[in-house]
Amino acid sequence: MTDSNRTKVIKALTVAGSDSGGGAGIQADLKTFQELGVYGMSALTAVTAQNTLGVQGVYPLEAEAVAAQLDSIGADLTPDAVKTGMLFSSGLIRTVAQKFRQYGWTKLVVDPVMVAKGGSPLLQQEAVQALIAHLLPLSLVITPNIPEAEILTGMKISGMADREAAARLVHAMGPRYVILKGGHDEEGAQVTDLLYDGEQFIYLQSPRIATRHTHGTGCTFSAALAAGLALGHLVPQAVHTAKAFIQAAIEDGLNIGAGHGPTNHFAYQNRLRGQR
Ligand SMILES: Nc1ncnc2c1ncn2[C@@H]1O[C@H](COP(=O)(O)OP(=O)(O)OP(=O)(O)O)[C@@H](O)[C@H]1O
Ligand SMILES: Cc1ncc(CO)c(N)n1
């Protein structure tokens, strides 16, 4: 293939932590990008020793190491969309936000990762304010789950009216779109994610799958969203694909490990190929 007839390669970048178990974090993001036809790049913020049973260790990188990765990418490989996951500390958040501004990366999905499913902290408490002050104003989309939205807003969320109120408050912090995910609301046969653009609320519903194998659902969902945006889709369309991707990945969950197993990143494409 010559340079002139090469079709454009679409690239997405994840700025997140490593999950040694492969179900969440940077590994989930890169697998999801690949499955959706997007070339994946990564800037690592932390290494976690983690498996389906929990998080056994957290080893953040120096801010300098994160900045250097972003400079290497910025100097050579402009991403078509970017997502953030685990950012761990206010220092890393400030570094990442400054680099995003420097390189003008505005197609940005912020997954405000705070705790792992088993309860281990992936963001220091004092870093929440840095997230609000430095990253939310830069973001196109933020994807909090219910506990994260409670921490961002300081309100207790129970019921749809509360979710709408929380989405309004988070929207006022700067993101153009808020997706308040409903995976943590364990009542009812449906899971409802709420999309808010500052004017309208759109409810995305899907059947709740009864499974404990939901490790990395949030990472996978936000990576699928970033992949769609990289491909040039608008947010409402990209959210629909992300929802279908995560639904398939949970339904066809991989039964590996003794604890909360990962989702199946192959499932969405396997279905499209008719290989279920
Ligand atoms: N049991 C389930 N059945 C169907 N969809 C689900 C289920 N659990 C989560 N989802 C979907 O997965 C996506 C991620 O939602 P969730 O609320 O689990 O994110 P999260 O808590 O941030 O994930 P993580 O624990 O990986 O950080 C959402 O689109 C949500 O609707
Ligand atoms: C590294 C990492 N990022 C995010 C999550 C949230 O699922 C996790 N468990 N681990």
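The values are calculated or read from the model by the stated rules, or taken from the named source; none is laboratory data. This is a predicted model, so every value here is computed, not measured. Methodologically, a virtual Cβ is constructed for each residue, glycine included, from the backbone with ideal geometry; neighbour enumeration extends over all protein chains shown.
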Checklist entry - Given Thr241, Thr211, which one is among the β-branched types (Val, Ile, Thr) and surrounded by 15 or more Cβ atoms within 10 Å (Cβ to Cβ)? => result Thr241
Item to check | Hey, Ile146 modelled with pLDDT of 95 or more, out of contact with any strand residue (DSSP E or B) (no Cβ under 6 Å at 6 or more places or on another chain) and within 11 Å of ligand 1 (Cβ to nearest atom) or not | outcome: yes
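For Ser158, are the conditions met, namely being touching a residue at least 40 places away in the same chain (Cβ under 8 Å) and surrounded by fewer than 15 Cβ atoms within 10 Å (Cβ to Cβ)?
Details: touching a residue at least 40 places away in the same chain (Cβ under 8 Å): no; surrounded by fewer than 15 Cβ atoms within 10 Å (Cβ to Cβ): yes.
No.
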Next on the checklist: Give me the residue from the stretch 149-164 that is in a loop (DSSP other than H, G, I, E, B) and at pLDDT below 95 and, out of that set, farthest from Leu195 (Cα to Cα).
Outcome noted: Ser158
Item to check | Count of the stretch 210-236 residues which are at pLDDT 95 or above, closer than 23 Å to Met160 by Cα and away from ligand 2 (no atom under 16 Å from the Cβ) | outcome: 2
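Give Ala68, Ala97, Ala75 a once-over and let me know the one that is under 20 Å from the mean Cα position of the chain (by Cα) and in a helix (DSSP H, G or I).
On the way: Ala68 fails: under 20 Å from the mean Cα position of the chain (by Cα); Ala75 fails: under 20 Å from the mean Cα position of the chain (by Cα).
The unique qualifying residue is Ala97.
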Item to check | Boolean, Ala12 is touching a residue at least 24 places away in the same chain (Cβ under 8 Å), touching a Phe, Trp or Tyr at 6+ places or on another chain (Cβ under 8 Å) and more than 16 Å from ligand 1 (Cβ to nearest atom) | outcome: yes
Checklist entry - Can you name every residue in the stretch 68-108 that is more than 18 Å from Gln125 (Cβ to Cβ), among the hydrophobic types (A, V, I, L, M, F, W, C) and surrounded by 16 or more Cβ atoms within 10 Å (Cβ to Cβ)? => result Leu70, Ile73, Ala81, Val82, Val96, Ala97, Phe100, Trp105, Leu108
